[in-house]
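One structure is given below, encoded as structure tokens.
The values are calculated or read from the model by the stated rules, or taken from the named source; none is laboratory data. On a predicted model such as this, the values are computed, not experimentally measured, just so you know. Heads up, the Cβs are rebuilt from the backbone with ideal geometry, glycines too, and the neighbour counts pull from every protein chain shown.
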Amino acid sequence: MPPDLNVLFLSAEAEPFIKVGGLGDVAGSLPRAIRALPPEITGGVTVDVRLVIPLHSVMRSDRRGYRPIAAFSVPHARGPVPVQAFVALQGDLPVYLLDAEPIARSGSVYSSEASLDAEKYTFFSLAALGLAQRLGWSVDLVHANDWHTALACYAVLLQRRQAEPGAVMATVLTVHNLPFMGPEVDALLDGYGLPRVQTGLPAWAGSRPLPLGLWAADAIVAVSPSYAQEIQTDEFGSGLQDYLRARRDSLHGILNGIDTEDFNPALDPALAANFGIPTLERRAQNKAALQVRLGLAATPDVPLFGMVSRLDPQKGTDLLAAALRRLRDLEWQVVVLGTGMPRLERSLKRLEKEFPNRFRAELRYDAGLARQIYGGADAFLMPSRYEPCGLAQMLAMRYGCLPIVSAVGGLKDTVVAGHDGFVMGSATAARLAATMRQAMQLLPDRAAWTKMQKAAMARDFSWTASARKYYELYQQSVVTALSSPAS
């Protein structure tokens, strides 16, 4: 093991610079948590994690705080492609932002045009490796995330096989959502000088970024222990289950965390009333404020359910209409916040007309309202068909909003039925309705409900435990790479 550990952490997005989904939360928090590990955990090893993200077009208008640090180019068959690199600090974490024509050509973080994203992220993966060389910073390990940066692992292994100088780097690839494997990149690999090799992947997978990264990575991480098991099954393996089973010894499950300093009900300015476990009675003020904001009757005894989600069948949002119709005989209020598939947005708006006095569809991104839902709703709906990890259920629990979840992935790993939430088995409208009914039957028993709320709020979902597991995996991966540099 080197005396210090230099880690290049690659992501398509990261808070607070740019965020579209949960990956932005992870990349904004995990590198800082690993850097902050105390010496008693690292054995005195300095872990120098540095984050690299693209300078997306939507970030180009305001570069305050971004300092130019390097200019270099990435080789291509048509000629070198210039790159300009900037650096910013997030606390003590150096964050590099890469600007180049293939990145600027895409108008958003993720484009609806597969060819734009294919070139953008193939280029970005290689440019991030080039930046480390340009800075003269000796990288021990590259940590890639999802398909967008998976080709960095592929490029490192090819360099390792060619015994290029400085090429003995370890690689870790975290899979946040296996079905999203990226577009075909055969022509791009040719253009950037990355040869195709025999991988043992299924034929259809050999030209897509995520499978190539999975093949090349020294270690693969799924974002919860249960998801690591699920992706080895026919139901959740997306066609790669046989390959992942063959690599089970290098496949790990590490649960994501949440930023418990940022998401703290005792200090959150978005709430009408701050509260904690000793002052849980204040939480009722947040329910009343949320009801007023939504134009719902401010009735304390009516169960208020919240959902903050991408509107997608994966998240089970399409189950909600049928579930609520099964509960027509009961009193309840529901608010859904999010955007996504147009047909699901239309379905929720129809539901709002069907239940005008008790259902609200807020079809937008609103971070403040999301916090008010976590801090004011009685229960949180998350009936996902699959859920690699999930952060919303952990945020809801932190704010005393009891989750109703399906028994998959990270939901199964974070919610204990009857102790700090409700678990409904697999995701169906009938099961969702039955579990909501169970919650409504328990809510009048304030002592039992409060006990569950306090248990949920007491759970430690901070990044510290996850950061320690990643550090241990980094150590193992570096030893593996050093012992077999040309594997």
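What is the residue count in region 282-316 for residues that are more than 22 Å from Gly421 (Cα to Cα), part of a loop (DSSP other than H, G, I, E, B) and without any contact (Cβ under 8 Å) to a residue 40 or more places away in the chain?
Number satisfying all stated conditions: 3.
Pick from region 384-395 the residues that are assigned to a loop (DSSP other than H, G, I, E, B) and not acidic (Asp, Glu): which of them is surrounded by the fewest Cβ atoms within 10 Å (Cβ to Cβ)?
Out of the qualifying residues, it is Arg385.
Quick check: is even one residue across region 56-65 within 27 Å of Asp186 (Cα to Cα) and in contact (Cβ under 8 Å) with a residue 40 or more places away in the chain?
Yes, region 56-65 has at least one match.
Which residue, of Arg398, Arg459, is in contact (Cβ under 8 Å) with a residue 40 or more places away in the chain and surrounded by fewer than 18 Cβ atoms within 10 Å (Cβ to Cβ)?
Arg459
Per-residue answers, yes or no, for (1) part of a helix (DSSP H, G or I); (2) buried (at least 21 other Cβ atoms within 10 Å of the Cβ):
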residue	(1), (2)
Leu151	yes, yes
Ala155	yes, yes
Met181	no, yes
Asp190	yes, no
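Go through region 445-471 residue by residue and tally those that are in a helix (DSSP H, G or I), under 21 Å from the mean Cα position of the chain (by Cα) and not aliphatic (A, V, I, L, M).
Of the residues in region 445-471, 6 are in a helix (DSSP H, G or I), under 21 Å from the mean Cα position of the chain (by Cα) and not aliphatic (A, V, I, L, M).
Is it fair to say Asp259 is modelled with pLDDT under 95, under 24 Å from Tyr470 (Cβ atoms) and either out of contact with any Leu (no Cβ under 9 Å at 6 or more places or on another chain) or among the hydrophobic types (A, V, I, L, M, F, W, C) (or both)?
yes
Is it the case that some residue within region 20-33 is exposed (fewer than 14 other Cβ atoms within 10 Å of the Cβ) and in contact with a strand residue (DSSP E or B) (Cβ under 9 Å, 6 or more places away or on another chain)?
No: zero hits.
Scanning region 396-437 for residues that are hydroxyl-bearing (Ser, Thr, Tyr) and assigned to a helix (DSSP H, G or I), which turns out nearest to Met307 (Cα to Cα)?
If we take residues in region 396-437 being hydroxyl-bearing (Ser, Thr, Tyr) and assigned to a helix (DSSP H, G or I), then Thr435 is nearest to Met307 (Cα to Cα).
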